[in-house]
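For reference, the structure discussed in these notes is given below.
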Amino acid sequence: MEALYPDLIDTHAHVSGPEFDGDRQAVIERARGAGTGFIEVGFDVESSIRSIALAASGALAAAIGIHPHNALDYRDNLREAWRDIAGLISRQCPVKAPEPPVVAIGEIGLDYFRDLSPRPLQAECFEMGLELAKDNNLPVIIHQRDAEDDTIDILRNHRIGRPVIFHCFGGDRLYARKCLDLGGYLGVGGTVTYPKNSELRDLLKYIPLDRMLLETDAPYLSPQSRRGRRNEPAYMRETLAVVAAALGKEEGAVGRIARDNALMAFGL
């Protein structure tokens with residue numbers, strides 16, 4: 001394991017996006033220099049194709065799916081869009097990548113904060129993603145904002161029998177317990193470094209260490225020292241430092257545990 005994987009694994013990044021078109025390779029090299037690998041996460045059909053391509057040239061692996069915001073883009077052909085996503089798993093697509101590049105379905109879920117897609121369409125899209133994950137024995141990456149109850153209900157009604165990764169977790173202890181009871185892993189990102197986010201730092205003490213993941217959501221949610229600027233996987237060490245301090249543990253130990261959790265969650 002030590003020889004095969006980097007010291008840290010960023011479980012959620014979007015390095016294939018246009019924000020990195022000018023220096024993508026440099027970003028990948030900085031991540032490597034920081035001892036950090038990353039899972040490249042898609043949010044629609046095109047970004048999922050890019051995620052697989054990046055898994056062949058810099059990312060550890062890819063996740064593919066349709067974000068609740070993007071469900072609206074496929075309102076007239078949602079099932080066809082999910083067939084296209086499924087085709088990426090079966091290699092019925094023009095992308096060549098090493099086996100196995102696709103390690104999860106995601107990001108998928110519900111977003112009632114911005115509500116960019118009608119809620120029934122979000123739910124339908126979410127359920128289709130869960131069924132695809134179940135059919136292919138893959139874990140899922142969940143996006144959830146202001147939709148805790150509906151997210152939990154849908155996950156309970158569509159149990160996939162594989163890990164459920166709750167991306168950028170920001171709920172309370174009760175929601176955390178519900179997520180953990182579903183076989184969840186909780187992703188902790190740059191928001192934990194924000195001075196006013198003491199609630200999340202306090203919550204860390206109640207998350208079992210073997211269910212905690214680290215992530216960046218690059219290019220979004222930069223840690224405090226780079227807040228307002230583009231995020232990237234190399235910056236995850238700042239998040240690690242804050243998490244370790246909140247837990248009263250050594251950074252290296254927390255990083256190794258989070259890395260091993262990622263390997264377990266994604267079957268790497």
*Name every residue in region 5-57 that is part of a loop (DSSP other than H, G, I, E, B), among the hydroxyl-bearing types (Ser, Thr, Tyr) and within 19 Å of Ser222 (Cβ to Cβ), in order of residue number.*
Ser16
_Filtered residues of region 127-157 (kept if within 25 Å of Leu263 (Cβ to Cβ) and surrounded by fewer than 19 Cβ atoms within 10 Å (Cβ to Cβ))_ = Lys134, Asp135, Asn136, Asn137
*Is it the case that region 107-125 has a residue that's more than 25 Å from Ser51 (Cβ to Cβ) and either part of a helix (DSSP H, G or I) or within 18 Å of the chain's Cα centre (by Cα) (or both)?*
yes
*Glu232: over 11 Å from Ile9 (Cα atoms) and surrounded by 15 or more Cβ atoms within 10 Å (Cβ to Cβ), yes or no?*
yes
*Kindly provide the set of residues from region 70-86 that are surrounded by fewer than 19 Cβ atoms within 10 Å (Cβ to Cβ) and more than 16 Å from Leu130 (Cβ to Cβ), ordered by number.*
Leu72, Asp73, Arg75, Asp76, Asn77, Glu80
_Condition check for Glu238: free of Cβ contacts under 8 Å to residues at least 60 places away in the same chain, on the phi < 0 side of the Ramachandran plot and acidic (Asp, Glu)_ = yes
*Tell me, please, whether a residue that is closer than 28 Å to Ala59 by Cα, of a type outside the set (Phe, Trp, Tyr), surrounded by 19 or more Cβ atoms within 10 Å (Cβ to Cβ) and touching an Asp or Glu at 6+ places or on another chain (Cβ under 8 Å) can be found in region 250-260.*
yes
*Within region 25-67, restricting attention to residues that are acidic (Asp, Glu) and closer than 27 Å to Ser90 by Cβ, which residue is surrounded by the most Cβ atoms within 10 Å (Cβ to Cβ)?*
Glu40
_When you scan region 10-18, do you find a residue that is farther than 23 Å from Trp82 by Cβ, surrounded by fewer than 15 Cβ atoms within 10 Å (Cβ to Cβ) and at pLDDT 95 or above, even just one?_
yes
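The values are calculated or read from the model by the stated rules, or taken from the named source; none is laboratory data. Quick caveat: nothing in here was measured; it's all calculated off a predicted structure. Neighbour counts run over all protein chains shown; Cβ positions are idealised from the backbone, glycine included.
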